[in-house]
Amino acid sequence: MSRLSVLSTASSIEHVSSNVPRPPRPSILDRNLNKTRVADVSGSAFSFLFSELVQYTQSRVTGINDLERRLNTLGYRVGSRVLEITVWRAESSSKAPKREIRLLPALMFIHTHIWRAVFGKPADAIEKSVENADEYMIVDNDPLIERHISVPKDFSQLSCSSFTAGIVEAVLDGLCFPARVTAHNTPNSQYPSRTTILIKLEKSVLEREEVLKT
Amino acid sequence: MSHHLFILSPSDTPIYSLTHYSTKPAASIGSPLSANLPNWSTSAFAGTLTALSGASSATQHTTGGTVRVGGGQDRHVIQMIANASLDAIEDVMRKENGMYLKAVDKFNEWTVSAFITPGNSKFLLLHESKNDEGIRSFFVEVWEVYVKTMMNPFQSAQRTIVSQAFDGRVRASAKKHL
């Protein structure tokens, strides 16, 4: 019932505004890409959108793994765009725009610039796995997208930061460091929603790093 | 003098192509090979053979007084040169961190310059004369409209760019810089 009423108000607004002649919508190519550089999106609006996104996905999956995979795919779509625009904003005015070709600067770029572009602050830590040479971890003590999410007990494995993992995966893919990226809950006493984004790089990446080292 | 632009998706599928005929005077490059070649016109592969041998004068088609190369029969040769240069580009882009890779490959009279976007899409330009600064400005402008197009949620990096506004913008900057 509440849904219906929302629909009807929306249509009445549409009706009123259609009486006023609207100026033609400018082409997306005419917009300035730097206009929204420092603009923020309302946190509650985003939380609402993200909660709908999780619910929509949840109603179409068979289990937690599937749900995380789908959130990852959605994040990937965001990540490939975030990468293009973040680098464009940083490099387009320079005489000789640069790409990242080394692994560590690329990871630092994600930790600092991508996090800042998406969440408004750098991530809290970046670590290299002690056991496996091909694993890196980005730690966020209080992920923005999970701030208003409380995961039920029987879903304890689920991490909605899979969306963030998708963003990271897209950025690494774009920069030619293919990897499998997953999100894991790693709470501690101080930060109950602490999340680790685990990056498992493909073999080819490490081989290339070895060649570039010399 | 003609320029050929190809935009390739991260998986190297062509998603946009443009042939631009520059109005600027071309520096005439003598092709010694062309003078020694027999007339191929009776062969079915005339266009391919002469274009591959670099004898551009034999395949030039005159339309309305302007000389056009690569837009007609020998279009597939241009595509082949662009495809072949991908190997050279992949080698260079692993080692160099610039986005603009100038003159990465050469084939007869054609020079291939490339621009790699951060998301690993490639812009390829086949050109005949040296014009580093113009090509750089051209690539940077194409990059801007490319980013704007990719921000559209209905467009993906894998899909052909059909937007007429995009086409218009690219043509305008080609006219300006090439």
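No lab work stands behind these numbers, since they all come straight from the coordinates. Keep in mind that what you see is a predicted model, and the values were worked out from it rather than measured. Because the Cβ atoms are built from the backbone with ideal geometry, glycine has one as well, and the counts that use them run over all protein chains shown.
For the residue pair B:Lys106 and B:Ala165, what label-to-label distance in nm results when each label sits 7 Å from Cα along the Cα-to-beta-carbon direction?
Here the modelled spin labels are 4.2 nm apart.
Using a 10 Å cut-off on Cβ to Cβ distances, tally the other chain neighbours for every residue of B:116-123 and report the average as a whole number.
Other-chain Cβ atoms within 10 Å of each residue's Cβ, averaged: 6.
How do A:Ser80, A:Ser150, B:Ser163 rank when sorted from fewest to most other Cβ atoms within 10 Å of their own Cβ?
Exposure proxy ranking, most exposed first: A:Ser150, B:Ser163, A:Ser80.
What's the exposure ranking of B:Glu90, B:Glu133, going from fewest to most Cβ atoms within 10 Å?
Neighbour counts put them in this order, fewest first: B:Glu133, B:Glu90.
Can you sort A:Thr112, A:Thr86 by how many other beta carbons sit within 10 Å, fewest first? Kindly include the intermediate steps, with their values, before the conclusion.
On the way: A:Thr112 14, A:Thr86 20.
Fewest-to-most ranking of A:Thr112, A:Thr86: A:Thr112, A:Thr86.
Taking θ as phi - 60°, what are the ³J(HN,Hα) couplings along the stretch A:166-182 by the Karplus curve (6.51, -1.76, 1.60), each to the nearest whole Hz, with x for Gly and Pro?
x, 4, 4, 4, 5, 5, 5, 4, x, 7, 6, 10, x, 7, 9, 10, 10
Testing the spin-label approximation: label points 7 Å from Cα along Cα→Cβ at A:Val78 and B:Leu18. State their distance in nm.
In this crude label model, A:Val78 to B:Leu18 measures out at 3.3 nm.
Can you work out the FRET efficiency for the pair A:Ala133 and A:Ser94, with r the C-beta to C-beta distance and R0 = 45 Å, to the nearest 0.05?
The computed FRET efficiency comes out at 0.85.
Could you work out the mean count of beta carbons from other protein chains within 10 Å of each residue's beta carbon in A:71-83?
On the way: counts 0, 0, 0, 0, 0, 0, 3, 1, 1, 7, 9, 1, 5.
Rounded to a whole number, the mean comes out at 2.
Taking amide hydrogens as modeled 1.01 Å from N in the peptide plane, which residues meet the under 5 Å criterion relative to A:Tyr191, leaving out close sequence neighbours?
Amide H to amide H, under 5 Å and 5 or more residues apart or across chains, A:Tyr191 pairs with nothing.
Once you average over the residues of A:85-95, how many Cβ atoms of partner chains fall within 10 Å of each Cβ?
If you average over the peptide's residues, the count of other-chain Cβ atoms is 4.
Quick one: which residues, 5 or more positions from A:Ile126 or on another chain, have an amide H under 5 Å from its amide H? H modelled 1.01 Å from N in the peptide plane, none for Pro or chain starts.
A:Val139
What is the dipole size for chain A, taken about its Cα centre, with +1 at each Lys and Arg Cβ and -1 at each Asp and Glu Cβ, in debye to the nearest 20? Write down the numbers at each step before the final one.
On the way: 27 positive and 24 negative charges, 157 e Å.
Computed charge dipole of chain A: roughly 760 debye.
If you take the charge dipole of the stretch A:113-176 about its Cα centre, with +1 on Lys and Arg Cβ and -1 on Asp and Glu Cβ, which of A:Ala170, A:Ser150, A:Val139 is farthest toward its positive end?
Final value for the positive-end residue is A:Ser150.
Name the residues of the stretch A:117-144 whose amide N is less than 20 Å from a point 7 angstrom out from the Cα of A:Asn188 along the C-beta direction?
A:122-132, A:136-144
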